[in-house]
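Report on the structure given below.
None of the figures in this text is laboratory data; all of them are computed from the coordinates on show. Bear in mind the structure is a predicted one, so any value in this text is a computation, not a measurement. Don't worry about glycine lacking a Cβ; one is built from the backbone with ideal geometry, like all the others, and counts go over all protein chains shown.
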Amino acid sequence: MTTGRAGAYTLSAMNGIHDLGGSQGHGAVVVQSGEPVFHAEWEGRVRGMFTNLLRAGVFNLDEFRHAQERLPQADYLTTSYYARWLAAIQLLLQEKGTSADGAPRADPDSIPETRPETDFAPGDRVVTRNMHPLGHTRLPRYARAKHGVVESVRGPFLLPDTNAQRRSRDWEPVYTVVFPARELWGAAAGARDTVSLDLWQSYLEEDTVE
């Protein structure tokens, strides 16, 4: 079980090894018949650790996801699912200097909040930003600089990009955007197929292309 080394974790661009959508060469997905919830007892313990620390406010879900994204590439590809969880927990506890009783030392009330107005409505044509941020984002690599149409508006929900580093709590509208499959995957995709993605407002711009 590989957990990584404390000095091996770095703040890297989102185009990391974890951003696998649309990439090739990783082999078929193996479906195990009758697969158990946990393959070993320690996996259940890691799941319990995660749940208790999350509830205690030691870290939030976006911080936890970003910690996994910062694993060394070789570790990310060769480490099992819950071993990555354990490595992320260890990293976050080291970085935060969390006390033995699990109490976080950061004051969540000191984090500023924003609530921007809704920029788009159903039927609006939008284009996703061509962004490669340092840090966490929920805009996948394959869907950047792509043109689509807003189908619905929900939220507001916390923007993961800033919540992952507790810089601020930005409550943004989230839009279901429909993309032609060929806009994302090229001519090999079905001409009548579409892909719907839920995207935060910060990821979108008005599409001015006629």
Give me the distance in nm between label points sitting 7 Å out from Cα along the Cα-to-Cβ direction at Ala40 and Arg169, one decimal. 3.8
By average Cβ neighbour count within 10 Å, what is the ranking of 181-192, 70-81 from highest down? 70-81, 181-192
Extension length gain for Thr208 and Thr194 (0.36 nm per residue less Cα distance), in nm, is 2.9 nm
Count the net charge of all other residues whose Cβ sits under 10 Å from the Cβ of Tyr82, scoring Lys and Arg as +1 and Asp and Glu as -1. +2
Can you give me the P(r) profile for segment 113-206? Cα pairs, bins 5 angstrom wide beginning at 0, each as a whole percent. 3, 14, 24, 23, 19, 10, 5, 2, 1
